[in-house]
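The values are calculated or read from the model by the stated rules, or taken from the named source; none is laboratory data. Since the structure is predicted, the reported quantities are computational estimates derived from the model, not experimental observations. We place every Cβ from the backbone using ideal geometry, glycine too, and count neighbours over all the protein chains shown. Heads up: the accessible areas ignore ligands, DNA and RNA and are worked out on the full protein's heavy atoms, side chains in. Shrake-Rupley method; radii C 1.70, N 1.55, O 1.52, S 1.80 Å.
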Amino acid sequence: MTDVTKRYGRAGVLALDALSFEIPTGRITGFIGHNGAGKTTAFSIVAGFLPPDSGAVDILGLGPFDARKLKGKLGVLPQDAALPDRHTPVELFRHLCRLQGMGAAAALREADRVLEAVRLGDRRRSRIHTLSHGMRRRVAVASALCGSPALVLLDEPLAGLDPVQAHALRDTIANLRGTQTVVISSHNLGELERISDRVVMLSAGRCIRQGTLSEVTGQAEVVHWTLAHADAPLDALRARLPDHTFTLEGVRLTQRAGSEVDLDAASVAVMAVLAEAGVAVRALSRGVGLERRFIRDSEAATAPR
Amino acid sequence: MTDVWHIAVFELRRAIRTWRAAALLSLFAVSSAGATYLFVRMVGLMENALADQLMVPRTRVPGTMLRELTESDTWREVVSGMVGAEQVTDFVLSIPPLALFDLWFLFLLVPFFAAAAAAESISIDVQSRAIRYETLRTGRPELVLGRFIGQLLLTWFATLMSAGIVFGVGIGFMVIEDRGSLLAWLLWFSLRASAFAVPFVGLGIAASQITSSPAWARVMAITATAGSWVAFGVAVLLQRSERWAVLGDVLLQVLPQGWMQGMWGAGLAWLPAGGVQMGLGLALVALGYLRFARRDL
């Protein structure tokens, strides 16, 4: 998506403000933003539900949305679209697969496969309106997986699911890694951190950060050590690792690496220095965490200049 | 075209399963049964009047003197009034009275059923956004055309149901000598009635594309259908006047009812009028599509 702008209504409310981002193939990308940041609008433009006011969209190298060109190549879970609930899941999926160009027998097999993938095989002949909210959500997610499309957009796939269902669905989505390109929008950043390879952050219709999870959260740059006592041997650490900076706040020691440093080897060195000084380590974590990074970045993006 | 067919079949299945369509079909069935029963009673009264005229004993079951009745001038006047065209009266007199009544009744009722049912076809899914599951996988023209054909199939289903009801009421309350012939005529006429309904299905689909509110779409479609009958009456009056005859002619060309007499033609003579109805229906669908093509979904 390049410089895509979208305004809504006569008032011209700005939903996307020259939004640009890229999604690499074969990866799972988390799409993060506040309510109204433009996530659903961006998905809707990619899926052809809305036309952009300006800018360019290129999907799988085939240009902007065209149902005929993208037949069977794009699967979308729309955030707030009701399912055609007078049908059974198997009828719905068979229909969607036929529209994706499959033959009758292949469509039926595929319908059964995706229903099994979301653990609804035993409800294949139940009318959708008789299913629970969680089951309907899984049916909706499964619709996006019909025919194993090359690109799958999932808008809040785990919303409203209980922890067991969410865990199972997360596994199903994780299994797509490497074979399909998946973009997931969610407010649950913990979930996204567990499942995503890459992250795109949106704020006020603009992309404020994108990159691998490691880059975005600083996993390759920052290590937090929680010590048993607030007396770290800072001079010894700085002498041993001159490319690193060390700060101590109470029992929390923060280690920042310079560029292109093997942080694993450096951590071993820090551990050795701490051990020599007789300082016990209670915990250690890398990076700042996706949630903290997003809050910092979005506050910075919206702060008055 | 494959997508159009898949969508049409899916639409028919959806439409039949909604309670609104079930309510409309039930209303249609009850109206059909009631009207047919009244018609049978009317035939009985006319037979009794004819028996009195011929000074023969009255019959207890309608249909006993059907041959004498259909050959009478009274019946010719009734048929001429129903069909409204002298040139096809001879053909119409040769068909079973119940089949004649069925087609006449369907011409009056089916437009309202067709328009009301079709009006929610697209709007209801735009409102709930369920339409996104299909527009992701097929073009909007294919989607609209598929829904249109699905609603035509639903209308045909309704006319077939009406044929069955008329047949059932007929054999239950009337003497019918050739049941096979009656059934064949009823089934054949269900096709003609469906053809006459095409512009009204188109009207419903057009309304359904214009607004995302199914209730508003239904109001628009039913009002426009009722309006078309009023316009038809006005057009006939204009045609009879000297000053506005041309305007009346033009109006009749663009109104489905203006081609209704042609729908009574013998054999396949109704097909040109049926073709015009199809054209009118597609034109209305295309008119609605101008809005739907640019619509945010």
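Restricted to the range A:94-109, and to residues there that are within 13 Å of another protein chain (Cβ to nearest Cβ) and within 13 Å of A:SER148 (Cα to Cα), the residue that is surrounded by the fewest Cβ atoms within 10 Å (Cβ to Cβ) is A:GLY101.
Does A:LYS71 fit the bill of being within 23 Å of the chain's Cα centre (by Cα) and either closer than 28 Å to B:HIS6 by Cβ or open to solvent by 10 Å² or more (accessible area, probe 1.4 Å) (or both)? Judged against the criteria, A:LYS71 is not a match.
Just one of the listed residues (A:LEU234, A:LEU284, A:LEU241, A:LEU213) is in contact with a strand residue (DSSP E or B) (Cβ under 7 Å, 6 or more places away or on another chain), more than 30 Å from A:ASP17 (Cα to Cα) and open to solvent by less than 50 Å² (accessible area, probe 1.4 Å), and it is A:LEU234. Meeting the requirement of 3 or more residues that are out of contact with any Lys or Arg (no Cβ under 9 Å at 6 or more places or on another chain), the strands (runs of 3 or more DSSP E) wholly within the range A:107-204 are A:151-155. Applying the criterion of being in contact with a Leu (Cβ under 7 Å, 6 or more places away or on another chain) and over 26 Å from A:LEU151 (Cα atoms) to the residues of the range B:137-159, the residue that is surrounded by the most Cβ atoms within 10 Å (Cβ to Cβ) is B:THR159.
The residue pairs whose first member lies in the range B:120-135 and is closer than 24 Å to A:LEU153 by Cβ, whose second member is part of a helix (DSSP H, G or I) and acidic (Asp, Glu), and whose beta carbons are closer than 6 Å, counting only pairs six or more residues apart or on different chains, are B:ILE131/B:ASP125. Note on the range B:182-209: among residues that are among the hydroxyl-bearing types (Ser, Thr, Tyr) and within 13 Å of the chain's Cα centre (by Cα), the one that is least open to solvent (accessible area, probe 1.4 Å) is B:SER190. Can you tell me which residue in the range B:261-287 is nearest to the other protein chains (Cβ to nearest Cβ), limited to those that are touching a Gly at 6+ places or on another chain (Cβ under 8 Å) and farther than 27 Å from B:LEU186 by Cβ? Selected residue: B:VAL285.
Yes or no, residue by residue, for (1) within 28 Å of A:THR25 (Cβ to Cβ); (2) in contact (Cβ under 8 Å) with a residue 60 or more places away in the chain; (3) in contact with a helix residue (DSSP H, G or I) (Cβ under 6 Å, 6 or more places away or on another chain):
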| residue | (1), (2), (3) |
| --- | --- |
| A:GLN210 | yes, yes, no |
| A:LEU227 | no, no, no |
| A:ALA230 | no, no, no |
| A:ALA236 | no, no, yes |
| A:ALA257 | no, no, yes |
| A:ALA275 | no, no, no |
| A:LEU284 | no, yes, no |
| A:THR302 | no, yes, no |
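Return yes or no: is B:ASP296 within 14 Å of chain A (Cβ to nearest Cβ), charged (D, E, K, R) and surrounded by fewer than 19 Cβ atoms within 10 Å (Cβ to Cβ)? Answer is yes for this residue.
Per-residue answers, yes or no, for (1) free of Cβ contacts under 8 Å to residues at least 60 places away in the same chain; (2) surrounded by fewer than 21 Cβ atoms within 10 Å (Cβ to Cβ); (3) among the charged types (D, E, K, R):
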{"residue": "B:GLU11", "(1), (2), (3)": "no, no, yes"}
{"residue": "B:ARG17", "(1), (2), (3)": "yes, yes, yes"}
{"residue": "B:PHE39", "(1), (2), (3)": "no, no, no"}
{"residue": "B:VAL61", "(1), (2), (3)": "no, yes, no"}
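Cβ-Cβ distances below 7 Å connect the following pairs, each with a first residue in the range B:70-88 that is surrounded by 13 or more Cβ atoms within 10 Å (Cβ to Cβ), a second residue that is of a type in the set (Gly, Ala, Ser), and a separation of six or more residues or different chains: B:VAL88/B:GLY265; B:VAL88/B:ALA266. Of the residues A:GLU249, A:GLU276, which single one is among the acidic types (Asp, Glu), surrounded by 10 or more Cβ atoms within 10 Å (Cβ to Cβ) and at pLDDT 80 or above? One residue alone meets the criteria, A:GLU276. Scanning the range A:130-170 for residues that are among the polar types (S, T, N, Q), surrounded by fewer than 18 Cβ atoms within 10 Å (Cβ to Cβ) and over 21 Å from A:PRO64 (Cα atoms) turns up A:THR130, A:SER132. Within the range A:252-273, how many residues turn out to be open to solvent by less than 50 Å² (accessible area, probe 1.4 Å) and either of a type outside the set (A, V, I, L, M, F, W, C) or within 19 Å of A:ASP235 (Cβ to Cβ) (or both)? Going through the range A:252-273 one residue at a time, the tally reaches 11. Is the range A:180-200 home to any residue that is open to solvent by less than 40 Å² (accessible area, probe 1.4 Å) and more than 30 Å from A:ASP3 (Cα to Cα)? No, the range A:180-200 has no match at all.
Summed over the range A:35-59, residues that are open to solvent by 60 Å² or more (accessible area, probe 1.4 Å) and within 14 Å of chain B (Cβ to nearest Cβ) total 2.
Within the range B:231-251, does at least one residue satisfy the condition of being under 19 Å from the mean Cα position of the chain (by Cα) and in contact (Cβ under 8 Å) with a residue 24 or more places away in the chain?
Yes.
Number of residues in the range A:45-56 that are out of contact with any strand residue (DSSP E or B) (no Cβ under 6 Å at 6 or more places or on another chain) and farther than 24 Å from A:ALA301 by Cα: the value is 5.
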